[in-house]
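Shown next, in structure tokens, is the structure this report addresses.
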Amino acid sequence: MTVPADSIPARPARPVRDDSFLRHARTDRLFHWFTAACVLTLMATGLLPHMGLKFDGTPVHWMAGLGLTALVMFHLVRSFFWKKVRTIWITRGELKGKHLGKYSVAQKGMHHALALLVFTSVCTGLVMLNRIGIPLLARNPGLLSLHTWGLVYVVHGLAAVSAVTLVMIHIYFGLIPENRMYLKAMISGRMSRADQRKRLMAFLKR
Amino acid sequence: MHFFRTGHDIQGQQVLTGISWDLAWVALALGAAVILGHSLWRLLRQGRDQRKS
């Protein structure tokens, strides 16, 4: 029995193209979530023992600190050699509200503020390793005078507590419904065209 | 409330040892205040937008 050609159901061709585009590469997403895990661990182990929860957070604290150091180094190298660093600067057009890039001024501002605090914490934290001593790095409290040690601890502490406020704000703004698209993109990597249009409309409405 | 923790060196002079742990509570309160303030602003804005439409 022959079947007329036009009655043969069309073979399902390639899957219909998803109406979305890649916003964050897998490497960037992994960097973000590993950094988040390190920062939250550092905050918990560094601050909670002094806020009523009694436990020795020091070993986990320095290990997470070294993890964060590696992540920061990775991010710096990747940003300077594989990406265009200038794209993260806030342009005059963005400040005047005439231009909308991949990231809003608020997002870039949050990045710069957190970058400064994390970088400060990492630098001072690495110096502080000399005070506690870790495997492969002998304890050397005589490296700095008591007064200078005090300043290092103050700068580390100020960066850490400031980061607490910023991280709270960062998480809140990531969770509110109008910004949910950014959270989804940071999880799946993709943003739908509809969300991109919504983002553009919100920018134009301002 | 103190901003810094201090100790004494072997000569009895006061030296800084770090920030006061009270500042951690201040940071938490500041973060909570921003979140609360923005949530209230969102609620008010939503109400105004609903009345307009």
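The values are calculated or read from the model by the stated rules, or taken from the named source; none is laboratory data. Just so it is clear, the structure is predicted and the values come from calculations on it, not from any experiment. No Cβ is skipped: glycine too gets one built from the backbone with ideal geometry, and neighbour counts run over all protein chains shown.
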From the list A:TYR172, A:TYR182, A:TYR153, A:TYR103, which one is within 23 Å of the chain's Cα centre (by Cα), within 14 Å of another protein chain (Cβ to nearest Cβ), hydroxyl-bearing (Ser, Thr, Tyr) and surrounded by 14 or more Cβ atoms within 10 Å (Cβ to Cβ)? A:TYR172
Residue that is farthest from the chain's Cα centre (by Cα) [pool: residues in region A:127-149 that are surrounded by 14 or more Cβ atoms within 10 Å (Cβ to Cβ) and free of Cβ contacts under 8 Å to residues at least 60 places away in the same chain]: A:LEU146
Before we move on, is A:ALA160 closer than 23 Å to A:PHE203 by Cβ and within 14 Å of another protein chain (Cβ to nearest Cβ)? no
Would you mind finding the one in A:THR120, A:THR124 that is of a type in the set (Ser, Thr, Tyr), away from every other protein chain (no Cβ under 12 Å) and closer than 30 Å to A:HIS24 by Cβ? A:THR120
Which pairs turn up if I take residues in region A:187-206 that are in contact (Cβ under 8 Å) with a residue 12 or more places away in the chain and look for partners that are hydroxyl-bearing (Ser, Thr, Tyr) and part of a loop (DSSP other than H, G, I, E, B) with beta carbon separation below 9 Å, at least 6 apart in sequence or on another chain? A:ARG199/A:SER104; A:PHE203/A:SER104
Quick one: which helices (runs of 4 or more DSSP H) lie wholly within region A:16-132 and hold at least 1 residues that are of a type in the set (S, T, N, Q)? A:26-47, A:58-77, A:105-132
Just the residues that are in contact (Cβ under 8 Å) with a residue 24 or more places away in the chain and touching a Gly at 6+ places or on another chain (Cβ under 6 Å), please, taken from region A:43-70. A:GLY65
Going by what's in this entry, would A:MET128 be described as at pLDDT 95 or above and within 20 Å of A:TYR182 (Cβ to Cβ)? no
State yes or no: is A:ARG197 away from chain B (no Cβ under 14 Å), outside any helix (DSSP H, G or I) and not acidic (Asp, Glu)? no
Here are some conditions: (1) out of contact with any Asp or Glu (no Cβ under 7 Å at 6 or more places or on another chain); (2) touching a residue at least 12 places away in the same chain (Cβ under 8 Å); (3) more than 24 Å from B:THR17 (Cα to Cα). A:LEU76 meets all but one. Which one does it not meet? (2)
Return the residues of region A:133-160 that are among the hydrophobic types (A, V, I, L, M, F, W, C), within 30 Å of A:ALA36 (Cβ to Cβ) and part of a loop (DSSP other than H, G, I, E, B); say none if nothing qualifies. A:LEU136
Is region A:171-180 home to any residue that is in a helix (DSSP H, G or I), touching a His at 6+ places or on another chain (Cβ under 7 Å) and of a type in the set (A, V, I, L, M, F, W, C)? no
Could you count how many residues in region B:8-49 are in a strand (DSSP E or B) and either at the interface with chain A (Cβ under 8 Å from one of its Cβ atoms) or under 13 Å from the mean Cα position of the chain (by Cα) (or both)? 5
